[in-house]
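To start, the structure under review is shown below, and the notes come after it.
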Amino acid sequence: AISACVSGRGDVIYVMPGHTESVTTTSIAHDVAGVTVVGLGRGNSRPTFTFTAAASTITVSAANCGWENCRFVANFLNVATAFTLSTAKDFMVNNCSFIDTDSTHNFLCGVTTGATDNDADGLTVTNNYVDSLPTTDGAFVSILQALKKLTVEGNDVFKAATNNAGHFITLAAKIVTNARIRNNTLVVVGATTATVGIFLTGSGSTSTGIVAYNLVTS
């Protein structure tokens, strides 16, 4: 369906309720600009994409793309990430669920950028639900590049993790400018003596934007 779309036309792919599909390392390449994938249905009737290998991922290499109202299920140990972004400016994932099958069939991350600075400017992650079941995991959003205009709002993330790590967003040493990180919930079953910021972790000192109205508990 993606390959049938026309770049920059604003095409929308509607996926029917009850649709199921296995994701491999190459099965879904979102490489046509301006295409949005919208799942139809509610709850578990929404389209379900199951990740069946550690390297299974949806690659995004085009600008102005998005996914909405879909279920992403990890059914393998330590699936690295549901979405891998390269040249993917203004990518959006909205109102989706990221579900682990159990503690050994799990996602490490939900959305991970590439390493080329500003290739994923405008990344928007909003209104998603995350049910993470392993005791050791990564961040829901992993930023591996300098980034402008990051928006992360309205997400609810529940984790059984006990490792001392950033569980919601990690920035490494990257600089994020004009960020909006608001109204998220993070619940982690972890040590109260954690020595890192379990919500947001990064070592850069010149990032800008706002982090506000987030509820975090561990």
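The table below gives the values:
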read-out: Subset of the stretch 45-65 [under 13 Å from residue 91 (Cα atoms) and either part of a loop (DSSP other than H, G, I, E, B) or in contact with a helix residue (DSSP H, G or I) (Cβ under 6 Å, 6 or more places away or on another chain) (or both)]; value: 61, 62, 63, 64, 65
read-out: Every residue from the stretch 157-181 that is within 18 Å of residue 131 (Cα to Cα) and part of a loop (DSSP other than H, G, I, E, B); value: 160, 161, 162, 163, 165, 166, 167, 168
read-out: In the stretch 135-158, the residues that are at pLDDT below 95 and in contact with a His (Cβ under 9 Å, 6 or more places away or on another chain); value: 137, 138
read-out: Test: residue in the stretch 14-34 that is touching a residue at least 24 places away in the same chain (Cβ under 8 Å), over 19 Å from residue 99 (Cβ atoms) and among the aromatic types (Phe, Trp, Tyr); value: yes
read-out: Which listed residue, of 146, 120, 115, is more than 13 Å from the chain's Cα centre (by Cα), surrounded by 20 or more Cβ atoms within 10 Å (Cβ to Cβ) and not hydroxyl-bearing (Ser, Thr, Tyr); value: 146
read-out: Subset of the stretch 182-195 (residues that are surrounded by 13 or more Cβ atoms within 10 Å (Cβ to Cβ), part of a loop (DSSP other than H, G, I, E, B) and either out of contact with any Ser or Thr (no Cβ under 6 Å at 6 or more places or on another chain) or aliphatic (A, V, I, L, M) (or both)); value: 183, 184, 194
read-out: Complete set of residues in the stretch 19-44 that are over 15 Å from residue 56 (Cα atoms), assigned to a strand (DSSP E or B) and among the hydrophobic types (A, V, I, L, M, F, W, C); value: 37, 38
read-out: Check on residue 36, at pLDDT 95 or above, in contact with a His (Cβ under 9 Å, 6 or more places away or on another chain) and of a type in the set (Ser, Thr, Tyr); value: no
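Listed here are the residues, each with its yes/no results for (1) surrounded by 12 or more Cβ atoms within 10 Å (Cβ to Cβ); (2) in contact with a Pro (Cβ under 9 Å, 6 or more places away or on another chain); (3) of a type in the set (A, V, I, L, M).
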residue: 4; (1), (2), (3): no, no, yes
residue: 12; (1), (2), (3): yes, no, yes
residue: 22; (1), (2), (3): yes, no, no
residue: 30; (1), (2), (3): yes, no, no
residue: 36; (1), (2), (3): yes, no, no
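The values are calculated or read from the model by the stated rules, or taken from the named source; none is laboratory data. Quick caveat: nothing in here was measured; it's all calculated off a predicted structure. Virtual Cβ from ideal backbone geometry, glycine too; neighbours counted across all protein chains shown.
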